[in-house]
Amino acid sequence: MTTPRTTPAPAATATATATATATATATATGNGSWAPRLGSAAGARALEAARLIADRATSPPRVRAAIELAARQTSFPGSVHWDPVSLAQGDTGQALLCAQLHRCFPAEGWDRAGHTHLASAVTALERRGGAGPSLSGGLSGLAFCAAVLGEGRGYRRLRQVLDAPIAAASLSGAAALRGRSGVPVSTFDLISGLSGIATHLLPAGPDRPAHPALAQVLRALVGLARPDGSPPAWYTPAALLHDEEQARAYPLGNLNCGLAHGIPGPLALLALAARSGVEVEGLEAAVRGLAGWLLAHRADDAAGPNWPAVVPLVDGGPGLREGRAGFATRSAWCYGSPGIARALWLAGSALGDDGLCGTAVRAMEAVYRRPVSERHIDSPTFCHGVAGLLQVTLRFADDTGLPVFTEAAAGLTEQILAHVDPARPMGIATLEPSGNRVDQPGFLDGAAGVALVLLAAATDREPVWDRAVALS
């Protein structure tokens, strides 16, 4: 593991100075008005591609055909499956795309298209008799989408019906987590756990109240971040890792560093809560403690700040201790510097800590310095692909106004546009690690997510949907 510098280099000092001004502005005024980050020609091509992909990804017959095709194409049939209720891979995600299209083009009827997909998700939910509370695949994602599609006013009856089981599951999950040590990541992460559910529970604006269950969830996550244990309470023992391969690789367990499944997710959520003015005892201390843990477990390379996917646990004689940080992972939203940098930026903004914000900016600058081949994000899609990195970049561009992010956004957009193929069913395909192309229509790892990010890059409508991925 490479520890952070104690004395910044001149370039780092200049970045920190620029970031300090940007931080103060962002903290005082919020994001302000969203602006496209592409030149007119590139913006026109990105918008054309977004509309091509969106037209196909929101057409129910085309989506059904793509679902059947993807099932035959994929090398990961256990992961590539369609669930209408799911935000990640289901009609809820397509409805979220329609919601943003309606924000961009309010006269074109995209709210009605969104209603069709939302109704499909609700019908599937009723047929199965319910679903889990998660944001990615369950009730919280459906309620989040209904709020965005209804612009905070519509679908009130649906949101009321969903609210009771979400609140009950939130309180139950918070109670089960309180005081525990050694837990599966699914209890606290963004994808399946309390952090994802809480992104839906956060107040939707400065004049909106927080959900009554939010405080209990935050207290549970603050407790999980307590600094009085070694290893930290949120470590995952081998028996609770998500598959046998992980258990073999980490026989004593590990600490997950990915925004999607690890501790950066709770950090981002707690920071967003603090920025929203939610008051819970120990909240700011938890934000500072988790940010400090991430800073202490960097795995820097020649380009600059970087992080591993996990930190292994080793025999501490007696007990367990944190081992040496592993090799740096991909540069994606789900794992790697971009997701972690965004969590650190949110933490720095919440705390008024220019040093944290400066580290976040330097981590992103390091991502852009790495050759494309060393980022290990060949797919154009969101979760572990180029679209996710572009959305993180767009948020930094909006928050800081620094040219490095606008320049990077242009290059990343070109990477995505190079994958657009009107001959494919969705206009773009997921690229699996083997190079296998899969025509996935969904949000998190498919066409809908790409269209959403291209709209964010090319239009002046803020991408409010990205709260679902803890970026705003």
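The values are calculated or read from the model by the stated rules, or taken from the named source; none is laboratory data. Because the structure is a prediction, the values reported are computed rather than measured. Methodologically, a virtual Cβ is constructed for each residue, glycine included, from the backbone with ideal geometry; neighbour enumeration extends over all protein chains shown. Note: accessible area is taken over every heavy atom of the protein model, side chains too, but ligands, DNA and RNA are not part of it. Shrake-Rupley method; radii C 1.70, N 1.55, O 1.52, S 1.80 Å.
Go through the stretch 250-266 and give me each residue that's in contact with a Cys (Cβ under 9 Å, 6 or more places away or on another chain) and assigned to a loop (DSSP other than H, G, I, E, B). Across the stretch 250-266, the qualifying residues are G258, L259, A260, H261, I263.
Scanning the stretch 313-334 for residues that are open to solvent by 30 Å² or more (accessible area, probe 1.4 Å) and either among the basic types (K, R) or out of contact with any Pro (no Cβ under 9 Å at 6 or more places or on another chain) (or both) yields a count of 7.
Scanning the stretch 149-156 for any residue that is farther than 25 Å from A54 by Cβ, of a type outside the set (S, T, N, Q), in a helix (DSSP H, G or I) and open to solvent by 10 Å² or more (accessible area, probe 1.4 Å) turns up at least one such residue. Selection of the stretch 368-380 for residues being in contact with a strand residue (DSSP E or B) (Cβ under 9 Å, 6 or more places away or on another chain) and within 14 Å of T413 (Cβ to Cβ) yields only P380.
Scanning the stretch 169-198 for residues that are in contact with a Ser or Thr (Cβ under 8 Å, 6 or more places away or on another chain) and among the β-branched types (V, I, T), we see that the one that is surrounded by the most Cβ atoms within 10 Å (Cβ to Cβ) is I197. Take L269 and tell me if it is open to solvent by less than 20 Å² (accessible area, probe 1.4 Å) and either among the acidic types (D, E) or touching a Ser or Thr at 6+ places or on another chain (Cβ under 6 Å) (or both). Yes; evaluated as a whole, the condition is true for this residue. Sub-6 Å Cβ pairs linking a first residue in the stretch 209-229 that is surrounded by 19 or more Cβ atoms within 10 Å (Cβ to Cβ) to a second residue that is small (G, A, S) and in a loop (DSSP other than H, G, I, E, B), at least 6 apart or interchain, are V222/G282; L224/A233, ordered by first then second residue. Residues of the stretch 366-384 that are more than 18 Å from A309 (Cβ to Cβ) and out of contact with any helix residue (DSSP H, G or I) (no Cβ under 6 Å at 6 or more places or on another chain): R369, P371, V372, S373. For the stretch 242-260, the candidate set comprises residues that are farther than 17 Å from G326 by Cα and open to solvent by 10 Å² or more (accessible area, probe 1.4 Å); within that set, the residue that is nearest to the chain's Cα centre (by Cα) is H242.
Report whether or not A44 is closer than 24 Å to I191 by Cβ, among the small types (G, A, S) and in a helix (DSSP H, G or I). When the stated conditions are applied, A44 does not pass them.
Restricting to the stretch 324-334, name every residue that is modelled with pLDDT of 90 or more and either of a type in the set (G, A, S) or within 14 Å of Q391 (Cα to Cα) (or both). The answer is S331, A332, W333, C334. For the stretch 311-323, the tally of residues that are in a strand (DSSP E or B) and either modelled with pLDDT under 85 or out of contact with any Phe, Trp or Tyr (no Cβ under 7 Å at 6 or more places or on another chain) (or both) stands at 6.
Out of everything in the stretch 68-92 that is outside any loop (DSSP other than H, G, I, E, B) and within 22 Å of L454 (Cβ to Cβ), what residue ends up being farthest from the chain's Cα centre (by Cα)?
From the stretch 68-92, those outside any loop (DSSP other than H, G, I, E, B) are 68-73, 91-92; that's our starting set.
In the following step, the residues that additionally are within 22 Å of L454 (Cβ to Cβ) were identified as 70, 91-92.
Numbers: A70: 24, D91: 19, T92: 16 Å.
Here the residue is A70.
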